[in-house]
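Worksheet: the structure to be examined is printed underneath.
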Amino acid sequence: MPILTFIEHNGTHHQVKGEIGQSVMQAATFASVPGLPADCGGACSCATCHTYVDEAWLDKVQAAQGMESDMLEYAFERRDNSRLSCQLIISEDMEGMVLHLPSSQF
Ligand code: FES
């Protein structure tokens, strides 16, 4: 069970246990992490699960592609390390991964 750390825009840290194969969004919402409304429930159609993958972890995930990249065009303050957390599937090599939450989501 990889432990993920979510950091809110105000600096508050949340450590969450994730299940292999579960989405990062699911791990966060099941643990009631604020700042990830995930309005569409993971259907890649709302962009309210926007996260920034910490720079130190970028080699563990691919950049957003296809439909996810298109949907990120609607996200506030998209950056090169932006990902929709419903499209990030937890794997063993994500143990310790840090994700930052945008200021627009609370
Ligand atoms: Fe809606 Fe991720 S939960 S796009």
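Only the coordinates and a few stated rules stand behind these numbers; no lab work does. Keep in mind the model is a prediction, meaning the values are calculated, not measured. All Cβ positions, glycine included, derive from the backbone under ideal geometry; neighbour counts span all protein chains shown.
Results, tabulated for the structure shown:
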item	result
Qualifying GluC sites (Glu not before Pro) in the chain, DSSP loop, other Cβ atoms within 10 Å at most 15	19, 73, 77, 95
Förster-model FRET efficiency, 25 Å R0, residue 22 and residue 80, C-beta, rounded to 0.05	0.50
Two-site label geometry, residue 54 and residue 3: point separation in nm, points 7 Å out along Cα→Cβ	1.1
Bins of 5 Å, starting at 0 and running to the largest distance - Cα pair percent for segment 2-84	3, 15, 25, 28, 22, 7, 0
Gain in span if fully extended, residue 44 to residue 106, counting 0.36 nm per residue against the direct Cα distance	20.4 nm
Within segment 1-19, backbone nitrogen closer than 19 Å to the virtual label 7 Å beyond the Cα of residue 92 toward Cβ	1-4, 17-19
Pairwise centroid distance, computed over Cα atoms, of segment 54-76 with segment 9-35, Å	17
